[in-house]
Amino acid sequence: MEHSKEFLVVVEDAKSRVKEVSVLETLERMKDGAVLIDVREDREFQAGHAKAAIHLGRGIIERDIIGKYPEKDTELILYCGGGFRSALSADMLQKMGYTNVWSMAGGWSAWKNHANAETV
C-alpha cells in the first residue's frame, strides 16, 4: 500500500516518541509477560494474526484499553500491517499515561516472515 506524504509525516512524528522492538525482541518479552496487541482492522485480524495476540483495533484501542489493562505500567507491544498504525496507537497510549508501550517494527509482515512466530 502506498501511503500519502501527509500520513508519513504524522507517523514519523509519532515514531520520534515511540520505542520499537523487533519480532525476536517481542517473542522474548512475551515470555516475560508482555501483551501483544493487534491494532489492525477486524477483517485484517480475521484473515490471520499472531497466535498470542489480542485484538484492539486502532479505532477502539483508546476507548477500551483502560478496561482491559488498567495498570499503566503493563508492557504492551502493538503491531499492525507494517509498523505505522501501531506507532500512532502507541503514541496515543503514551499520551494516556501508559509507560511501557512498544511498536513492533515491520508489523504483521515481519511477524509472518519470522521462523519462530506462530500465526493463526
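The values are calculated or read from the model by the stated rules, or taken from the named source; none is laboratory data. All of these numbers come straight from a predicted model, not from anything done at the bench. Cβ sites come from the backbone with ideal geometry, for glycine too, and all protein chains shown count toward neighbours. Keep in mind that these areas ignore ligands, DNA and RNA; they rest on the heavy atoms of the full protein, side chains included. Shrake-Rupley method; radii C 1.70, N 1.55, O 1.52, S 1.80 Å.
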Exercise. Treating each Cα of the range 76-120 as an identical point scatterer and ignoring solvent, apply the Debye formula and state log10 I(q)/I(0) at q = 0.24 Å⁻¹.
Key: -0.76
Self-check item: Residue of ALA90, ALA105, ALA52 that the Gaussian network model of the chain assigns the largest fluctuation, springs spanning Cα pairs under 10 Å
Solution: ALA52
Practice problem: For the chain, give the share of DSSP beta bridges that are antiparallel, in percent and rounded to the nearest 5; count only bridges with both residues there. | Solution: 10
Quiz item: Too long at a 19 Å Cα-Cα cut-off: which of LYS5/LYS112; LYS15/LYS51; LYS5/LYS95; LYS15/LYS112; LYS68/LYS95?
Solution: LYS5/LYS112; LYS15/LYS51; LYS5/LYS95; LYS15/LYS112
Exercise. Compute, for MET96, the solvent-accessible surface of its heavy atoms (probe 1.4 Å) with the complete set of protein chains present, and express it in square angstrom to the nearest 10.
Key: 60
Quiz item: Over the chain, what percent of the accessible surface lies on carbon and sulfur atoms, probe 1.4 Å?
Solution: 50
Quiz item: About the Cα centre of the range 1-118, what is the dipole size in debye to 20, counting +1 per Lys and Arg Cβ and -1 per Asp and Glu Cβ, all else neutral?
Solution: 60
Quiz prompt | Euclidean distance of C-alpha centroids, the range 61-120 and the range 1-27, integer Å | solution = 11
Quiz item: Stretch HIS3-LYS72 to full length: gain in nm at 0.36 nm per residue minus the Cα-Cα span?
Solution: 21.7 nm
Exercise. Hey, could you get me the Stokes-Einstein D for the chain, Kirkwood radius over alpha-carbon pairs, 25 °C and 0.890 mPa s, rounded to whole µm² s⁻¹?
Key: 174
Exercise. Please work out the average accessible area per residue across the chain, using the 1.4 Å probe convention, and give it in Å².
Key: 54
Exercise. Compute the FRET efficiency between HIS114 and VAL10 as 1/(1 + (r/R0)^6), taking r as their Cβ-Cβ distance and R0 = 35 Å, and round to the nearest 0.05.
Key: 0.80
